[in-house]
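As C-alpha cells, the structure follows; a few thoughts come after it.
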Amino acid sequence: MTETTQSTDAEQAAESTQTTGIDIEGGTGQPLEVTSGETREQTRDEWVEYEFDGAAKLAVEDLDVYYGDDHALKSVSMEIPENSVTALIGPSGCGKSTFLRCLNRMNDRIKAARIDGSVALEGEEIYQDGVNLVELRKRVGMVFQSPNPFPKSIRDNISYGPRKHGDLETGFLAGLLGRSDDDAVDDLVERSLRQAALWDEVQDRLDDNALGLSGGQQQRLCIARALATDPEVLLMDEPASALDPIATSKIEDLVHELAEDYTVVIVTHNMQQAARISDQTAVFLTGGELVEYGETEQVFEDPESQRVEDYISGKFG
Amino acid sequence: MAGAVESSLVNEDTSGTETIAASAVGLAAVLFALSLAALFEFVAITDPIAGVSMVVLLGALLVVLGAAVVAFGVGSRLGYVATQPRPSAGLVASVAFAGLWFVVGGLVASQTLGLGTVGWGATALVTGGVAFAATALPREDIGSTLPAGSLAILTGVIFLAGIIGPSWVWDLGWEQQASFNAEFAIPVVTAFCSLLAGWASAKAYGGFGARGRHVGAYVLVYLNALSIIAVLFLLVAFTVLKGLPGLFNGLAFGPGAGPETTLFGVTFTLPVSWPFVMNGVALLNDINGVLPAIVGTIWLVIGAVVFAVPLGVGAAVFITEYAERGRFTQVVEVATNGLWSTPSIVFGLFGLAFLVPRLGNGKSLLAGMLTLGFMLLPLVVITSREAMLAVPDEYRDASAALGVSKWQTVRSIVLPAALPGIVTGIILGVGRIAGETAPILLTMSGSVAPPGSQTVDVIGGFEFTTAPPFVDNPELLQATSALPYQLYSLITAGVGQSSNIANIDEFRWATALILLVVVLSFYAVGIATRYYFRRKLQHE
C-alpha cells in the first residue's frame with residue numbers, strides 16, 4: 001500500500017532523551033524526531049499496512065503538509081474503509097488534526113498551509129483543479145473540537161446547510177410562490193436531531209437560540225447540523241474533549257451508531273476512548289509521522305512499534 | 001514571616017467606632033453635595049442656612065469633619081480603636097500630601113502673610129516636607145488621617161475667621177483680567193477638602209490596612225462617578241427647565257384643533273395643535289415655531305444614514321473578510337481613523353467646494369445629506385470592522401465545513417452576529433452628525449427662520465418626468481434649515497427679533513430643547529434596534 005516507506009532493517013536504538021536523532025533516518029526519508037522519553041526506532045512500512053474487505057472510502061497517498069517552513073505531516077498514506085470508525089491518536093502537535101482537515105480541504109482556509117500528495121474520495125481525487133468544494137464538504141462533513149453552533153435557533157442551525165445549498169427553500173418569497181419547503185425542513189430537523197440523539201431533549205424548543213443548550217447538547221447539535229447535509233463521511237476533531245463524562249459517553253454511543261451508515265474518522269486525545277469506539281486506529285507520533293495503523297485491538301494490545309507501545313502505555317506524550 | 005502584621009481572622013465588635021467613621025464619611029458626602037450646589041449657584045454662599053451663612057456653615061462642618069478624622073487616627077494609634085494599619089501610608093499618599101501642603105503653605109505665606117519669593121518658597125518647602133514626613137514616617141492610621149484632617153480643619157478655620165469670606169477676590173495680577181472670586185473658590189476648596197477627608201474617614205471605617213485602602217478607593221470612585229452623572233443630569237435638566245415655557249405655548253387639544261395634514265393623499269385635521277413644532281416663523285403667526293428645522297434635521301440624518309451605512313458596511317466587509325491583511329488594510333485603517341477625527345468644518349468646505357457646484361449650484365438638502373454622510377462613513381467603517389473581527393472564527397469554520405460559500409457565510413452568519421456592534425457605531429455617528437452646525441452652514445442652510453410653507457417634503461417632492469432620469473425631486477435640491485443651524489443663528493446673529501417672535505429667549509431655549517429631544521429620539525431608536533438584534537443573538 002505504501003511505497004514511500006523505504007525502510008531498512010529496524011534498528012532498535014537504545015532509549016534516548018534527546019529531542020532529535022539526526023543520525024537515524026525515519027521511514028519517511030525524513031530525519032526522525034522524537035521527544036524525551038521516547039524510544040528511537042525506524043518506522044517500517046508494514047506497520048502501516050492494514051488489510052480490510054471492500055473498497056476504501058478514502059485513500060490518502062503520500063500526503064505532505066507544510067505550514068510555512070514547518071513540515072507538519074510527513075508522507076502519510078492510509079486507506080479508510082467504509083462505514084466504520086477510524087480513530088487517529090497521538091501526542092499533541094503530531095499532525096492528526098492537520099491530517100483530518102486535509103480530508104475535506106479545510107486546510108485551504110489556512111493561508112500558510114501547503115499540501116502535497118493525493119486524497120481520493122471513492123476513487124476521485126479531491127486535490128485537483130475543478131473540485132467543487134461545496135459538494136466535497138457536503139459529502140465530507142466535519143464536527144469541531146469545541147461546540148460551535150451559530151447564534152440562531154436550533155431549527156435554523158440544522159437547516160442552515162441545506163438552505164444555503166439551495167436544497168430547501170424557505171422564507172417569504174418561497175411561501176408566496178408556493179414553493180416553501182417548511183414541511184421538508186421540519187422533517188429534516190427531526191431526522192437529523194433523532195440521528196444525533198438530541199430530539200427528545202429539544203423537540204419542544206426548536207425555535208430557541210442554540211446557545212442556550214448545554215455543552216454536550218451543543219456538540220450533538222453540531223453533529224446533527226453536519227448530518228443534515230447528508231454526508232457520507234463524518235470527520236470529528238476531538239468532539240468530546242470539552243465535555244463532561246456523561247456528555248462524552250453520549251457522544252461515544254452516538255459515534256458507534258453513526259458508523260452503521262457513515263464513515264467516521266475521529267481524532268482523539270483519549271486512548272481509552274479510541275479503544276472503545278473505533279474499528280481501526282492510526283497512531284501519529286512526534287514529527288507528523290504515521291507510525292502504525294491497524295485494527296484497534298491489535299494496535300492497543302500488541303503494537304508492532306516500540307514507540308507506539310511506549311505511547312500507549314503512557315511512557316511519553 | 002518576619003515583619004508580618006498579625007491580625008485576627010474575626011474582628012471584635014467595633015460597631016461603636018465604625019459608626020463614628022461612617023458618620024464622618026456621610027458628613028464628607030453631605031459637604032461635597034453642598035459645595036457642588038454652591039458651585040452651580042443653587043445656593044449662594046451668602047445665603048443663610050439654619051441661621052448662619054453658607055460660608056460659616058461650610059467652615060464649621062469642615063472643622064468638625066477634620067477633627068473627627070484626626071481624632072479617629074490618633075485614637076487608633078493609641079489603641080482605643082481596633083484597626084489593622086500598615087507600618088506606613090505609602091509613597092503615593094506621602095507624595096500627594098507633600099504636594100498638597102506645599103501648595104497650601106506657599107499660598108498662605110505669599111497671600112495671607114505677604115512674604116516674598118524666598119519667604120514663601122521656604123515656607124512651602126517646610127510645610128511640604130513636614131507633610132511628607134507626617135505621612136510616610138508614622139503608622140498608617142496617623143499617616144493617612146493627620147494630614148487630611150488638619151487640612152480640613154485649617155480650611156474650615158480660614159472660612160470661619162473670614163480670611164476667605166464672601167467678598168474675597170484673589171487677583172492674579174496678570175496682564176489679562178484674571179481673578180478667583182469667593183463664589184468659585186470656596187465651593188471648589190470645600191469639595192476638595194471633603195473628598196480628602198472622606199477618603200481618610202473611609203479608610204478609617206475599613207480599619208486601615210488592605211480593607212481600608214479598598215474602602216477609601218471605593219468612596220473616591222463612587223463620589224467621582226456620581227458627580228459626573230450629576231453634571232450630565234444637570235445639563236439635561238437645565239435645558240429642559242429653560243426650554244419648557246417656550247415649548248408648549250398655545251398647546252391645544254380637541255377635534256379640529258390642529259392644522260390640516262395630507263398624508264399619502266388623505267387629508268385630515270390633527271386633533272392637537274402644538275404651534276412650536278407645527279409652525280414656521282411668519283409675521284402673521286400667533287405663535288412661531290421651528291417645524292421646517294425639525295423636518296430638515298430628520299431628513300438630513302435619514303439621508304446621511306441611507307448614504308453612509310451601506311457604503312461603510314460594504315467597505316468593512318471587504319477589508320475584513322476579503323482583502324488580505326497587510327499594508328493595504330493598514331493604510332485604509334489609518335485613513336478612516338484620520339477621517340473620523342477630521343474637523344467638521346473641513347467636511348463642510350469639501351461639500352461647499354465639491355458637492356454644491358455639482359448639485360444645482362446652490363445650497364441644498366442633498367448636499368447637506370451627502371456631506372454629513374461622508375462624515376458618518378469613517379465611523380461606520382471602523383465600528384463595523386471591529387464588530388466583524390469580534391465574530392468568532394469558529395462560526396466561519398463551521399459554515400465553511402458545511403460547504404457554504406464565503407459570501408453566504410458573511411451574509412447569514414457574520415453580519416447578523418456583528419449587527420449590534422454596527423448599530424452601536426451608527427448610534428454614535430448619528431449623535432455626532434445630528435448636532436453638526438458647520439457643514440450645514442456651508443452646504444444646505446437657507447433662511448434662518450423659515451416660514452412653515454418652506455418645510456421640506458421629500459416624499460411628496462418626487463415627481464415623474466418624461467426625460468431621463470424620469471424621476472425628479474426639487475425638494476432635495478432646495479436649501480432648507482436644520483435645528484443646530486437655526487439655534488446658532490438665533491443666538492449669534494439675533495435673527496428672528498424682527499420676525500414677530502414674541503419672546504426670543506424662550507424661543508431659543510425651546511429650540512435647544514427640541515434639538516436635544518430629536519437627537520435623543522435617534523438614540524432611542526438606535527438603542528431599541530440594538531437591543532432587538534442582541535436579543536435575537538442571545539439565548540435569553
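Suppose the filter is surrounded by fewer than 19 Cβ atoms within 10 Å (Cβ to Cβ) and modelled with pLDDT under 90; does A:Gly130 pass it? It is true that A:Gly130 is surrounded by fewer than 19 Cβ atoms within 10 Å (Cβ to Cβ) and modelled with pLDDT under 90. State the number of residues belonging to region A:111-126 that are open to solvent by 80 Å² or more (accessible area, probe 1.4 Å), over 19 Å from B:Ala401 (Cβ atoms) and assigned to a loop (DSSP other than H, G, I, E, B). The number of residues fulfilling the criteria is 1.
Within the option set B:Ala44, B:Ala50, B:Ala96, B:Ala68, being under 17 Å from B:Phe32 (Cα atoms), out of contact with any Gly (no Cβ under 8 Å at 6 or more places or on another chain) and not β-branched (Val, Ile, Thr) holds for one residue only, B:Ala44. When we screen B:Gly303, B:Gly280, B:Gly351, B:Gly338 for residues that are closer than 23 Å to B:Ser521 by Cβ and at pLDDT 90 or above, the only hit is B:Gly303. Against the list (1) at pLDDT below 90; (2) open to solvent by 50 Å² or more (accessible area, probe 1.4 Å); (3) under 22 Å from B:Ala482 (Cβ atoms), the condition B:Ser364 fails is (2). Each residue in region B:388-417 was checked for being more than 11 Å from chain A (Cβ to nearest Cβ) and either surrounded by fewer than 18 Cβ atoms within 10 Å (Cβ to Cβ) or in contact with a Lys or Arg (Cβ under 8 Å, 6 or more places away or on another chain) (or both), and 2 pass. For A:Ser97, state whether it is within 14 Å of chain B (Cβ to nearest Cβ), small (Gly, Ala, Ser), within 27 Å of A:Glu257 (Cβ to Cβ) and open to solvent by less than 40 Å² (accessible area, probe 1.4 Å). Taking the combined requirement at face value, the residue satisfies it. Taken across region B:418-428, residues that are in a helix (DSSP H, G or I), within 14 Å of chain A (Cβ to nearest Cβ) and aliphatic (A, V, I, L, M) do occur, with at least one present. Please determine whether any residue of region B:199-216 is more than 15 Å from B:Ala24 (Cβ to Cβ), in a helix (DSSP H, G or I) and among the aliphatic types (A, V, I, L, M). Yes, some residue in region B:199-216 is more than 15 Å from B:Ala24 (Cβ to Cβ), in a helix (DSSP H, G or I) and among the aliphatic types (A, V, I, L, M). From the list B:Thr424, B:Thr455, the one residue that fits, being in contact with a Lys or Arg (Cβ under 7 Å, 6 or more places away or on another chain) and either of a type in the set (S, T, N, Q) or open to solvent by 10 Å² or more (accessible area, probe 1.4 Å) (or both), is B:Thr424. Taken over region A:164-181, the criterion of being over 25 Å from the mean Cα position of the chain (by Cα) and buried (at least 17 other Cβ atoms within 10 Å of the Cβ) is satisfied by A:Leu168, A:Glu169, A:Thr170, A:Ser180, A:Asp181.
If you go through region A:127-167 and pick out every residue that is away from chain B (no Cβ under 13 Å) and outside any helix (DSSP H, G or I), you end up with 4.
Residues in region A:32-49 that are touching a strand residue (DSSP E or B) at 6+ places or on another chain (Cβ under 7 Å) and open to solvent by less than 30 Å² (accessible area, probe 1.4 Å) were compared, and the one that is modelled with the highest pLDDT is A:Trp47. Scanning region A:100-113 for residues that are more than 12 Å from every other protein chain (Cβ to nearest Cβ) and at pLDDT 90 or above gives a single hit, A:Cys102. In region B:64-92, the qualifying residues are those that are part of a helix (DSSP H, G or I) and open to solvent by 40 Å² or more (accessible area, probe 1.4 Å), and the one that is nearest to B:Ala185 (Cα to Cα) is B:Val64. Among the residues making up region A:67-94, those that are farther than 22 Å from A:Thr263 by Cα and either among the small types (Gly, Ala, Ser) or open to solvent by less than 50 Å² (accessible area, probe 1.4 Å) (or both) are A:Gly68, A:His71, A:Ala72, A:Leu73, A:Lys74, A:Ser75, A:Pro91, A:Ser92, A:Gly93, A:Cys94. Within region A:212-249, if we keep just the residues that are among the polar types (S, T, N, Q) and open to solvent by 10 Å² or more (accessible area, probe 1.4 Å), the residue that is nearest to the other protein chains (Cβ to nearest Cβ) turns out to be A:Thr229. Evaluated against (1) part of a loop (DSSP other than H, G, I, E, B); (2) open to solvent by 60 Å² or more (accessible area, probe 1.4 Å), B:Val95 falls short on exactly one condition, (1). The condition of being of a type in the set (Ser, Thr, Tyr) and open to solvent by 10 Å² or more (accessible area, probe 1.4 Å) holds for A:Thr286. Scoring B:Glu436 on the criteria (1) over 18 Å from B:Leu339 (Cα atoms); (2) assigned to a loop (DSSP other than H, G, I, E, B) leaves a single failure, condition (1).
The values are calculated or read from the model by the stated rules, or taken from the named source; none is laboratory data. Keep in mind the model is a prediction, meaning the values are calculated, not measured. Positions of Cβ are generated from backbone atoms using ideal geometry, with glycine treated the same way; all protein chains shown enter the neighbour counts. Only protein heavy atoms, including side chains, enter the accessible area calculation; ligands, DNA and RNA are left aside. Shrake-Rupley method; radii C 1.70, N 1.55, O 1.52, S 1.80 Å.
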